[in-house]
Structure formats: C-alpha cells, structure tokens
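Enquirer: One structure, pasted below without further comment.
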Amino acid sequence: GITRHYKFNVVMRNMSRLCSTKPIVTVNGRFPGPTIYAREDDRVLIKVVNHVKYNVTIHWHGIRQLRTGWADGPAYITQCPIQPGQSYIYNFTITGQRGTLFWHAHVLWLRSTVHGAIVVLPKRGVPYPFPKPNHEAVVVLAEWWKSDTEAVINEALKSGLAPNVSDAHTINGHPGPVSNCPTQGGYSLSVEPGKTYMLRVINAALNEELFFKIAGHKMTVVEVDATYVKPFKTDTIVIAPGQTTNVIVTADQSFGKYMVAASPFMDAPIAVDNITATATLHYSGALGTSPTTLTSTPPQNATSVANNFLDALKSLNSKKYPAKVPQTVDHSLFFTAGLGINPCPTCKQANGSRVVASVNNVTFVMPTVALLQAHFFGINGVFTTDFPANPPFVFNYTGTPPTNLATTNGTKVYRLPYNATVQLVLQDTGIIAPENHPIHLHGFNFFLVGKGLGNFNSKTDPKNFNLIDPVERNTIGVPSGGWVAIRWLADNPGVWFMHCHLEVHTTWGLKMAFLVDNGKGPKESLLPPPKDLPKC
Ligand code: C2O
C-alpha cells in the first residue's frame with residue numbers, strides 16, 4: 001500500500017438549512033465533511049487541527065486499528081481530546097478491510113456536524129465480488145438541528161428529561177424541500193439510462209435509525225459495514241446510526257426524476273421526529289420542470305419491514321471472503337442494555353429523577369485520563385477490571401418494567417486475553433419504553449450468530465445459531481424487547497469502547513469498554529503511543 005495524507009481543519013462555518021442560518025462545527029468548512037479515499041493496505045495520516053472552542057477527537061468508525069488503538073479516537077477512552085489550538089496526526093494502516101465506513105467526532109455531540117465518508121477500495125487489481133458498477137456515489141444520511149446541539153444535550157442533562165429531537169433529516173447535507181421550507185433544494189444524483197450505480201449509504205445521524213428508499217428502483221445490497229454480503233434485492237433498506245450499506249441501483253426506469261427518501265425507523269412508539277428527507281435521482285436529459293415520481297417510506301414503527309431487510313443479510317462467505325466465525329467460545333458474556341431512572345434531587349422538571357442508561361446495571365462514568373494511556377503506562381485508579389460478565393440481578397423481560405432498576409456508577413472494563421474467542425448476548429431491557437439499541441464495538445468486526453424476541457434462553461437458543469454465514473458488522477441493532485448474540489476473536493490488543501450509537505443513550509451511560517491484553521510476541525502487542533498524542 002501507499003501512504004495518503006489528509007488535513008482536517010476543524011473550523012466554525014455558517015450554514016443555511018430549513019430557511020435559517022447558524023454557525024456549525026465543520027471539517028474544512030463542509031457538511032458533510034470530506035471523503036477519505038484509500039485502498040486496503042494503505043497507510044493513512046490525517047492531521048487534525050482544532051480551530052474551535054471545543055475539545056475535538058475524530059473516530060474512524062469501523063477501521064480496525066490493529067495495534068494502533070492510539071488512532072481510534074473516542075475521547076478519554078483511547079486519547080485525551082485535541083484542545084483548542086492543538087493538533088494531532090491520526091496514523092493507521094487499513095489491514096484486511098475494504099468497503100464503506102465513516103469518520104466522526106467522538107466527543108460531546110460534535111458528530112452531529114463533524115462526520116464524513118471513508119471509502120476503502122480493494123487492493124489495486126482486486127475486483128469487487130460482484131459486477132463492477134459504472135459509477136459510485138456516497139450518500140450520507142444525518143440530521144439538521146436548528147439549535148446548537150451542545151445546548152440541546154446540556155439542557156437535557158440539567159433537566160433529567162430526554163433531549164429534543166432534530167428538526168430534519170438530511171441526505172448529503174440537505175433535508176430537501178419540506179413543508180416549513182419548501183424553497184430549499186436537495187441533493188441530486190444524475191444517472192444515465194442503463195448504467196449501474198453503487199450507492200455507499202452511511203447513517204451518520206445522532207439519534208435516528210432510518211429507512212431509505214428510491215422511487216421506482218430496487219436496490220441490490222452487496223455490502224454492510226465494509227463486509228461483503230450475499231447480494232439480494234430490496235425496495236427499502238434500514239440503517240442504524242453507525243452502520244453503512246452499499247447498494248447497486250440500475251437506472252432501468254424511463255426518463256425523468258425519482259424521489260430518494262430517508263425517514264425514521266423507531267421501534268418504540270415515542271418518537272415525533274418524523275420528517276422525511278428527500279433527494280432526487282435525475283435521469284440525464286430530464287428537464288428541471290419534469291415531474292418527480294414520488295415514493296412513501298414505511299411508517300416509523302414498521303418493524304416487519306426492518307426485520308425482512310435485516311434477516312436477509314448473510315455474509316458472502318465465498319472462498320475468497322470466508323466468514324471466519326469463531327466455532328468455540330472462551331468467554332461467554334450476557335449483557336443487559338437499556339435505560340433506567342435514577343434519583344436527581346436537582347432535576348425539578350423531571351420530578352427529582354433523571355434518565356440514565358446502563359450495561360449490566362453499570363452506568364459508565366467517563367474518566368479524566370484516557371483508559372488506553374492508563375493501561376499502557378500503568379496509571380492506577382483510572383478504571384477497574386470488574387465489569388460483570390452477567391447482570392447482577394437475574395433478568396426476566398416481561399414487556400413491563402422490571403422491579404430492580406438500580407444502577408451503579410463506575411469506570412469498569414472487561415478484560416480479555418489476546419486471541420480469546422468471545423460470545424456476547426446483548427439483551428434489551430425495554431425498561432422505560434421498548435427501543436432498539438444500535439450497539440457499536442470499536443476495534444473489531446463481529447458476527448451476528450443469533451437474534452430473538454423476549455428473553456434469551458441459554459439452553460435452547462444457541463442450538464439455532466448460524467455459525468456458517470452470519471452477517472459480519474461493527475454495529476448491530478439490539479431489537480426492542482429482544483436480544484442478539486455476537487461472536488468475535490479478540491485479536492487486537494488495546495482498550496475498545498462499546499456503546500449504543502444513539503448519542504443520547506451513550507451520553508446517559510450506555511457504554512463500557514473491553515481491555516484486550518498483549519499477546520506473546522511483539523506482533524501481538526499494542527504499539528507505543530505517538531509523540532504528539534494529546535495530553536489531558
Ligand atoms: Cu461511531 Cu464509538 O463510534
């Protein structure tokens with residue numbers, strides 16, 4: 001591979017959306033930010049310079065960072081933030097991966113506007129395992145907030161209540177015309193009849209799972225989270241924050257314009273954030289005045305539409321791209337994940353309580369020294385290694401709130417020996433309202449070996465696990481009132497964050513970290529930190 005250099009200037013920029021203007025934090029003045037292009041085996045150096053008043057870090061979501069955890073990016077997990085006026089060079093090599101990923105800020109709620117695509121092409125001369133599309137385009141889905149997102153979450157933390165939702169969703173930075181701002185344009189992709197287009201769809205939204213559809217066109221799904229899948233056709237894809245999906249679209253319709261739409265999927269019946277973002281597939285030669293063929297998206301609670309799509313995802317598992325599913329398990333873990341209520345005497349609006357979130361009843365408290373530094377340099381008192389392998393109370397999901405909602409605060413990690421095989425069952429507790437949790441694991445891909453509703457049954461459910469061609473991902477939606485079972489090989493030494501990719505749930509504490517020890521040889525050990533690693 002070669003070395004590629006990028007420079008990210010983090011700067012404020014005035015941006016107009018929904019018929020009003022506000023300053024936002026951007027990379028190089030763009031929303032979404034610039035796309036990083038590389039090939040498998042390339043080394044990438046990105047110099048991030050912080051020109052804003054906030055602390056900044058950037059995470060390369062889904063890049064495995066083999067032995068280079070220092071470049072992973074989550075604030076206070078693998079690094080201290082880049083302070084105003086400071087810079088840091090992220091330095092990593094993309095090993096054994098190709099596909100669509102994305103980068104985003106990993107501190108505060110800055111990722112609402114600080115995000116962009118990562119396109120990792122196969123090694124030179126290596127083809128895709130499907131017919132090469134004629135053209136490719138990046139499609140970043142996100143949100144637009146009229147107010148400042150830092151103010152939104154700070155308000156919520158003070159009051160103990162849930163934060164406001166965004167004012168619109170966006171496709172490549174634009175909501176498209178909506179009723180309260182009908183004059184604004186949207187993203188438009190021009191296509192030529194008969195040609196094929198690979199869309200690299202990314203959900204960079206803070207808090208919304210999304211449906212994505214194109215009027216009059218089917219999509220062939222070929223890849224998720226930068227892993228190849230068995231191709232299949234669909235009308236609708238569902239994509240959670242943190243996930244990516246590559247689809248191939250053939251421009252097989254007649255002349256004209258076709259609506260592209262993204263709208264929320266919320267299993268829980270609580271959301272009101274229901275504005276559909278729109279864009280246009282524009283056949284070349286179609287006049288600006290030609291009518292657009294419309295489409296409607298599924299209702300917010302269309303769980304069956306989502307499941308039809310999600311259940312169709314299987315690893316390609318070809319000779320060239322085998323699914324290396326761990327067949328045995330060294331560490332079998334069962335984590336409950338969900339929301340709870342803790343007392344908060346100062347939270348008057350919420351009657352003296354506040355929403356918290358936890359994993360195995362532990363609400364993760366962010367340290368003030370990065371965990372990876374504490375681990376590497378042997379700094380005591382930053383974290384403990386007693387994260388429980390099972391919940392402290394026998395869990396029984398009945399669909400109504402369980403009686404024991406108690407959570408404890410702690411900065412606890414779960415320790416794994418190098419090269420251990422891990423099975424983790426994530427059970428949604430549905431404590432406040434049934435809801436999906438897109439759980440993201442840093443540093444690894446994992447295989448989705450099982451999934452179900454209600455309680456996970458450790459005797460019967462594993463009999464139905466798919467250990468042959470389960471989908472491989474880095475972010476998985478734990479179904480509302482249900483569970484998923486994932487497996488991975490802990491072959492990456494370091495400290496790896498795992499959290500809900502709905503930013504509000506992460507903020508509330510739905511997060512924890514794994515500590516993977518060094519292996520025996522130097523090739524199995526974490527590299528030393530770079531000289532410019534920011535200090536706390
Ligand atoms: Cu994309 Cu820890 O996040």
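We did not get these values from a lab; they are worked out from the coordinates using the rules stated. As the structure is a prediction and not an experimental result, all values here were calculated from the model. For neighbour counting, all protein chains shown are included, and Cβ atoms are generated from backbone atoms with ideal geometry for every residue, glycine included.
Enquirer: If you average 1/r over all unlike Cα pairs in the stretch 55-154 and invert the result, what Kirkwood radius do you get in angstrom? Before the final figure, lay out each step's value.
Expert: Values: mean 1/r = 0.0639 Å⁻¹.
15.7 Å is the Kirkwood radius here.
Enquirer: Return the percentage of antiparallel bridges among DSSP beta bridges fully within the stretch 245-400, rounded to the nearest 5 %.
Expert: Details: 14 of 16 bridges.
Percentage antiparallel, nearest 5: 90.
Enquirer: Quick one: what do you get for the stretch 85-227 if you divide its Cα Rg by 2.2 N^0.38 Å? Walk me through the numbers on the way to the answer.
Expert: Details: Rg = 18.2 Å, N = 143, 2.2 N^0.38 = 14.5 Å.
Output field value: 1.26.
Enquirer: Tell me the Rg and the Dmax, in Å, that the Cα atoms of the stretch 234-322 produce.
Expert: 16.3, 50
Enquirer: Which number comes out as Rg/Rh for the stretch 449-536 once both Rg and the Kirkwood Rh are worked out on C-alpha atoms? All intermediate terms of the calculation are to be shown ahead of the outcome.
Expert: Values: Rg = 17.2 Å, Rh = 16.2 Å.
With Rh from the inverse mean 1/r over Cα pairs, Rg/Rh is 1.06.
Enquirer: Sticking with this one: Regarding the chain, what's the average projected area of the Cα-atom convex hull, expressed in nm²? Mind showing how you got there, number by number?
Expert: Details: hull surface 95.5 nm².
Average projection, Cα convex hull of the chain: 23.9 nm².
Enquirer: Given 10 Å bins starting at zero, what is the percent of C-alpha pairs of the stretch 185-303 in each, up to the one with the largest pair distance?
Expert: P(r) for the stretch 185-303, in whole percents per bin: 13, 43, 33, 10, 0.
Enquirer: Can you list the aspartates and glutamates whose alpha carbon sits under 18 Å from that of Lys47, skipping same-chain ones fewer than 8 residues off?
Expert: Here the aspartates and glutamates satisfying the reach criterion relative to Lys47 are Asp72, Asp532.
Enquirer: Report, in listed order, any pair from Lys7/Lys535; Lys213/Lys511; Lys7/Lys511 with a Cα-Cα distance greater than 25 Å.
Expert: Lys213/Lys511; Lys7/Lys511
Enquirer: Rg to Rh for the stretch 276-327: what is it, with Cα atoms only and Rh by Kirkwood? Present the calculation step by step, with values, prior to reporting the outcome.
Expert: Details: Rg = 19.2 Å, Rh = 15.7 Å.
With Rg and the Kirkwood Rh in hand, the quotient comes to 1.22.
Enquirer: Still on this structure, please answer the following. For Lys195, which aspartates and glutamates qualify as cross-link partners when the Cα separation must be under 15 Å and same-chain residues fewer than eight apart are set aside?
Expert: Filter leaves Glu136, Asp252.
Enquirer: Ignoring everything except DSSP H segments at least 4 long, calculate the 222 nm mean residue ellipticity for the chain; use -39,500 (n - 2.57) per segment, divide by total residues, nearest 500. Numbers along the way, then the final one.
Expert: Working: 4 runs with 33 residues, N = 536.
The helix-only estimate for the chain comes to -1500 deg cm²/dmol at 222 nm.
Enquirer: Could I ask something else about it? Multiply the residue separation of Ser254 and Ser16 by 0.36 nm, subtract the distance between their alpha-carbon atoms, and state the gained length in nm to one decimal. Mind dumping the intermediate values first?
Expert: Working: separation 238, 0.36 × 238 = 85.68 nm, distance 3.39 nm.
In short, 82.3 nm is gained.
Enquirer: Between Lys459 and Lys230, how high is the FRET efficiency from 1/(1 + (r/R0)^6) when r is the Cβ-Cβ distance and R₀ = 35 Å? Nearest 0.05. Provide the component values of the computation, followed by the final result.
Expert: Values: r = 30 Å, r/R0 = 0.86.
Efficiency, rounded to the nearest 0.05: 0.70.
Enquirer: Excluding Val152 itself, what net charge comes from residues whose Cβ is under 12 Å from its Cβ, given Lys and Arg +1 and Asp and Glu -1?
Expert: Values: positive: Lys146, Lys158; negative: Glu143, Asp148, Glu150, Glu155, Asp167, Glu503.
Charge balance in the 12 Å sphere: -4.
Enquirer: Then there's this: Checking a compactness column here: for the stretch 150-192, what do you get for Rg(Cα) / (2.2 N^0.38 Å), N being the number of residues?
Expert: Details: Rg = 15.7 Å, N = 43, 2.2 N^0.38 = 9.2 Å.
Computed over Cα atoms of the stretch 150-192, the ratio equals 1.71.
Enquirer: Antiparallel as a % of all DSSP beta bridges within the chain, to the nearest 5?
Expert: Numbers: 104 of 145 bridges.
Here the share of antiparallel DSSP bridges comes out near 70 percent.
Enquirer: Please find the FRET efficiency linking Leu121 to Lys348, where r is the Cβ-Cβ separation and R0 is fixed at 56 Å, and quote it to the nearest 0.05.
Expert: 0.55
Enquirer: May I ask for the longest run of the chain untouched by chymotrypsin sites (Phe, Trp or Tyr not before Pro) that are loop-located per DSSP and have at most 14 neighbouring C-beta atoms (other than their own) within 10 Å?
Expert: Numbers: sites that count: Phe255, Phe393.
Free of exposed loop sites, the longest segment is 1-254.
Enquirer: Moving to a separate point now. Across the stretch 326-341, in residue order, what do the Karplus-derived ³J(HN,Hα) couplings come to in whole Hz, using 6.51 cos²θ - 1.76 cosθ + 1.60 with θ = phi - 60° and x for Gly and Pro?
Expert: My calculation for the stretch 326-341 gives x, 8, 10, 10, 8, 10, 9, 10, 10, 10, 8, 9, x, 9, x, 10 Hz in order.
Enquirer: Now, a different point. Out of the trypsin sites (Lys or Arg not before Pro) in the stretch 472-534, which ones are loop residues according to DSSP with at most 11 other C-beta atoms within 10 Å? Don't jump to the answer; show the numbers that get you there.
Expert: On the way: sites: Arg473, Arg487, Lys511, Lys520, Lys523, Lys531; in loops: Lys520, Lys531.
Passing sites in the stretch 472-534 are Lys520, Lys531.
Enquirer: Sticking with this structure for a sec: How big is the shadow of the Cα convex hull of the stretch 244-379, averaged over all directions, in nm²?
Expert: Details: hull surface 69.3 nm².
For the stretch 244-379, averaging the hull's shadow over all directions gives 17.3 nm².
Enquirer: Quick check on the stretch 1-71: of the DSSP beta bridges with both residues there, what percent are antiparallel, nearest 5%? Provide the component values of the computation, followed by the final result.
Expert: Working: 9 of 17 bridges.
The antiparallel proportion sits near 55 percent.
Enquirer: List the residues, sorted by chain then number, that are 5 or more residues from Val229 or on another chain and whose placed amide H is less than 5 Å from its amide H.
Expert: Long-range HN contacts for Val229: Glu223, Val224, Leu316.
Enquirer: What Cys residues in the chain are without a partner cysteine, judged by a Cβ distance under 4.7 Å?
Expert: Cys500 - these cysteines have no disulfide-compatible partner (Cβ-Cβ under 4.7 Å) in the chain.
Enquirer: Same structure, new question: Obtain the nm distance between the two label points defined at His135 and Glu192 by a simple spin-label model: each point lies 7 Å from its Cα along the Cα-to-C-beta direction.
Expert: 0.9 nm
Enquirer: Can you bin the stretch 149-230 into rounded, prolate or oblate? Criterion: square roots of the alpha carbon gyration tensor eigenvalues sorted a ≥ b ≥ c, rounded for a/c under 1.5, prolate for a/b above b/c, oblate for the rest. Write down the numbers at each step before the final one.
Expert: Details: a/c = 3.39, a/b = 1.63, b/c = 2.08.
In terms of gyration-tensor shape, oblate.
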